[in-house]
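**Student:** Sending over a structure as structure tokens; questions will come in a sec.
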Amino acid sequence: MTPPHHTGYRREIDGLRAFAVLSVVAFHAFPDAVPGGFVGVDVFFVISGFLITSHIFEKLDQGAFSFADFFQRRIRRIFPALLVVMSLSLLFGWLVLLSDEFNQLGLHVASGAAFISNFVFAAEAGYFDAAAEVKPMLHLWSLAVEEQFYILWPLALWVAWKLRAGLLILTLIVFAASFVVNVVYATTHPVETFFWPFGRFWELLSGSILAWITVHRDGPLAGATVRKLAGGLGLLLLVVSVAVIDRTVAFPSWWAILPVLGAVLVILGGATAWGVAPLFTNRVAVWFGLISYPLYLWHWPVLSFLHIAEDDVPHRDARVAGVLLAILLAWLTYRLIERPIRFGKFREPARALSLAAVMVAVGLAGFAISRTDFSDSHTARTVYLRDGLEHRIGPSSRWFEGRDDWLFLGNSYDRTVAKLRSDSPPPPDEVEDMRALFANIAETAAKSGTRVALLVGPNKSSVYPEFLPAELTPADSRYFDAFAQALGPIPNLTFHDPTAGFLRGKGAEGILYYRTDTHWNSKGAFLAWAGLMQALGLPVPEVAFSPGPEYEGDIIKGLAGMESYPLHSGDNWLFEFRRDFEVQRRGIPDATVSDSFGTREVVTNSNPPSDMTVWVVGDSFAHAVKPFIEASFREIHHKGHWRERLPRLAQDLEAAHDKPDLIVVIRVERTF
């Protein structure tokens with residue numbers, strides 16, 4: 001058996017690598033089952049610091065340390081598998097990613113090739129934020145930290161060696177400084193402490209300290225019993241780390257001592273330590289240790305692309321399949337790429353220079369991709385393996401907290417608020433289908449002298465972009481614009497989009513949308529209705545508005561699930577009509593469907609400004625408009641939701657004995 005402190009190959013360290021990589025893979029695939037699995041990265045840091053610094057110390061002692069040899073070894077070790085993973089990720093990303101997603105992947109590949117991705121990800125968001133799951137190169141942050149360490153640390157050791165300074169003293173000083181930075185800033189600057197290198201260097205240096213002691217000791221570091229106890233305790237600390245630490249704690253901070261000390265003690269104990277031999281030196285553990293690097297590289301892109309393809313957390317079976325695929329890819333990469341290039345009979349330094357040249361090329365390709373506009377080629381209708389993508393720019397399914405306590409309904413697609421950004425234009429066939437539908441209704445209505453009007457409620461984000469979160473940038477054009485251009489020229493269709501008027505008059509009129517609701521308030525609804533009536537040449541009911549009480553909107557109650565949220569006055573209005581009238585209501589017999597349109601009924605007005613009979617179809621945006629419609633006409637038929645009624649509206653009109661004078665359709669912008 002290999003002596004426990006021999007600096008050559010040690011099976012138990014490969015087993016420790018297996019523990020580290022399988023912990024990380026399990027955490028990413030099944031985070032609830034292995035809440036602390038991400039500490040496997042910290043274990044990797046300790047192993048790396050021990051093995052590589054051992055090599056540096058030995059070479060310095062022999063007077064044979066060479067920077068060229070050191071970096072050639074690093075290139076042969078790191079570049080082959082990394083190049084394969086980044087290149088194939090770009091290729092796969094070309095097939096499945098939208099334009100902005102592909103731009104982001106290109107940036108992340110470029111930063112990964114330059115080993116600065118930890119700084120890029122720190123600037124973007126936290127490691128555990130929701131967007132992290134759709135960043136296939138996120139895991140390269142740890143590789144960047146490691147390589148930044150190995151650019152600086154060998155130079156520092158070489159200078160200290162040349163000056164005959166104590167290498168252990170230098171190591172201890174840098175270790176202490178790094179640990180203090182980690183502890184002090186872990187709670188106040190958690191993202192930076194997690195990603196930035198200096199707060200992580202102490203983890204690698206813990207392995208370096210053990211390496212110095214191992215290389216420079218004259219005899220056994222400790223007795224056999226002590227080593228066995230140390231290794232057994234280290235194994236226990238590793239298990240506790242994975243089970244107890246989770247994403248809710250400030251990390252690294254003090255918590256990282258558990259996995260770091262555990263790894264140090266396992267390496268110190270060696271293969272003879274209690275529990276280490278059966279767990280870390282068996283053939284399965286050693287095999288996973290040998291493929292640990294390519295497995296680490298492969299597992300996250302596979303799981304991330306699965307998440308992207310499904311636009312949600314993949315099903316358990318899909319995640320299991322993803323892990324198995326990552327293991328297969330790791331083994332193939334190890335056998336066919338990593339070993340032949342790393343240990344093959346290629347001449348040096350030509351081999352390292354060739355790998356470096358390819359890395360530069362891949363990095364430049366990623367940078368070029370990050371700066372190229374793919375909006376025409378990478379749309380929701382052209383990418384592959386994304387059949388469920390339409391809802392990402394269609395029905396809204398999330399919310400965003402904006403400035404001054406404004407909340408916005410949004411889409412599950414990252415950084416998209418209710419089609420505010422035209423990540424892909426509507427396909428021509430959908431625009432034509434919508435135009436043909438309204439043209440058929442308008443043509444059928446014209447035969448009986450019925451007029452048709454379409455009132456479109458703008459998204460709140462279209463009217464109040466100044467309150468959007470800082471990270472959300474409106475597009476130059478609205479997704480809805482293509483539909484507006486198609487619907488405007490239809491004969492017998494009066495189309496009114498009040499967005500421009502809202503933008504001009506919102507300051508003078510006051511707030512037109514609720515801060516914490518997805519809809520316009522009563523004043524916004526009235527101004528929209530007044531604009532449509534003016535376009536129709538019909539009288540507008542006179543209304544007086546006064547400030548109303550604070551309003552708790554539907555985002556707080558339904559979507560956000562927040563128990564309390566700051567409420568403000570000024571976005572709710574009470575109103576009173578200046579014309580006296582009474583209304584009577586009666587239900588519609590076939591009104592069996594319950595949806596966001598509300599009650600299907602017939603309403604009659606005793607004293608309207610217009611004797612017309614009106615049919616109304618709409619959605620939830622019609623709620624605030626209904627009082628003004630009922631104040632405007634003699635008889636109003638609230639027919640139901642447009643999704644149900646529009647496809648058969650022409651038939652209903654032809655079959656009706658009493659034809660209406662006007663049909664009003666009310667829809668919100670995001671439904672187009």
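The values are calculated or read from the model by the stated rules, or taken from the named source; none is laboratory data. Fair warning: this is a prediction, and the values are worked out from it, not measured in the lab. When we count neighbours, we look across all protein chains shown, and the Cβ atoms used for this are built from the backbone with ideal geometry, even at glycine. Areas reflect the complete protein model, heavy atoms only, side chains present, ligands, DNA and RNA absent. Shrake-Rupley method; radii C 1.70, N 1.55, O 1.52, S 1.80 Å.
**Student:** Would you check if ASP611 is of a type in the set (Asp, Glu), touching a Ser or Thr at 6+ places or on another chain (Cβ under 9 Å) and either closer than 24 Å to ALA544 by Cβ or part of a strand (DSSP E or B) (or both)?
**Tutor:** no
**Student:** Now for a different question. Pairs under 6 Å by beta carbon, first residue under 12 Å from LEU454 (Cβ atoms) and aliphatic (A, V, I, L, M) in segment 656-671, partner open to solvent by 40 Å² or more (accessible area, probe 1.4 Å) and outside any loop (DSSP other than H, G, I, E, B), six or more apart or different chains?
**Tutor:** These pairs meet every condition: LEU662/ARG451.
**Student:** Separate question: Please verify whether segment 488-503 includes one or more residues that are at pLDDT 90 or above, open to solvent by 40 Å² or more (accessible area, probe 1.4 Å) and either in contact with a Gly (Cβ under 7 Å, 6 or more places away or on another chain) or under 30 Å from PRO549 (Cβ atoms) (or both).
**Tutor:** yes
Table: residues versus (1) in a loop (DSSP other than H, G, I, E, B); (2) modelled with pLDDT of 85 or more; (3) β-branched (Val, Ile, Thr); (4) crowded, with 21+ Cβ neighbours inside 10 Å.
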{"site": "GLY199", "(1), (2), (3), (4)": "no, yes, no, yes"}
{"site": "ILE213", "(1), (2), (3), (4)": "no, yes, yes, no"}
{"site": "THR225", "(1), (2), (3), (4)": "no, no, yes, no"}
{"site": "GLY231", "(1), (2), (3), (4)": "no, yes, no, yes"}
{"site": "ALA243", "(1), (2), (3), (4)": "no, yes, no, no"}
{"site": "VAL260", "(1), (2), (3), (4)": "no, yes, yes, yes"}
{"site": "VAL264", "(1), (2), (3), (4)": "no, yes, yes, yes"}
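**Student:** Hey, can you tell me all the residues within segment 626-642 that are assigned to a strand (DSSP E or B) and aliphatic (A, V, I, L, M)?
**Tutor:** Of everything in segment 626-642, just one residue is assigned to a strand (DSSP E or B) and aliphatic (A, V, I, L, M), namely ILE636.
**Student:** Still on this structure: Using beta carbons and a limit of 9 Å, which pairs, at least six apart or on different chains, have the first residue in segment 243-264 and touching a residue at least 60 places away in the same chain (Cβ under 8 Å) and the second one surrounded by fewer than 19 Cβ atoms within 10 Å (Cβ to Cβ) and of a type in the set (S, T, N, Q)?
**Tutor:** Final answer for the pair search is ALA250/THR187; SER253/THR187.
Residues checked against (1) part of a helix (DSSP H, G or I); (2) open to solvent by less than 30 Å² (accessible area, probe 1.4 Å); (3) within 14 Å of GLU147 (Cβ to Cβ):
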position: LEU82; (1), (2), (3): yes, yes, yes
position: VAL85; (1), (2), (3): yes, yes, no
position: GLY93; (1), (2), (3): yes, yes, no
position: ASP100; (1), (2), (3): yes, no, no
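**Student:** Answer yes if at least one residue in segment 33-42 is of a type in the set (Asp, Glu) and without any contact (Cβ under 8 Å) to a residue 24 or more places away in the chain, and no otherwise.
**Tutor:** no
**Student:** Ok, one more. Return yes or no: is VAL320 open to solvent by 50 Å² or more (accessible area, probe 1.4 Å) and not in a helix (DSSP H, G or I)?
**Tutor:** Considered against the rule, which asks whether it is open to solvent by 50 Å² or more (accessible area, probe 1.4 Å) and not in a helix (DSSP H, G or I), VAL320 comes out as no.
**Student:** Quick check on my filter: what residues within segment 1-22 are modelled with pLDDT of 90 or more and either among the aliphatic types (A, V, I, L, M) or closer than 18 Å to SER206 by Cβ (or both)?
**Tutor:** Listed by number, the residues that qualify are GLU12, ILE13, LEU16, ARG17, ALA18, PHE19, ALA20, VAL21, LEU22.
**Student:** Within segment 349-357, does at least one residue satisfy the condition of being surrounded by fewer than 21 Cβ atoms within 10 Å (Cβ to Cβ) and at pLDDT below 85?
**Tutor:** For segment 349-357, residues surrounded by fewer than 21 Cβ atoms within 10 Å (Cβ to Cβ) and at pLDDT below 85: present.
**Student:** Something else about it: Take the residues in segment 276-313 that are among the aliphatic types (A, V, I, L, M) and outside any helix (DSSP H, G or I); name whichever of them is surrounded by the fewest Cβ atoms within 10 Å (Cβ to Cβ).
**Tutor:** Restricting to residues being among the aliphatic types (A, V, I, L, M) and outside any helix (DSSP H, G or I), the top hit is VAL313.
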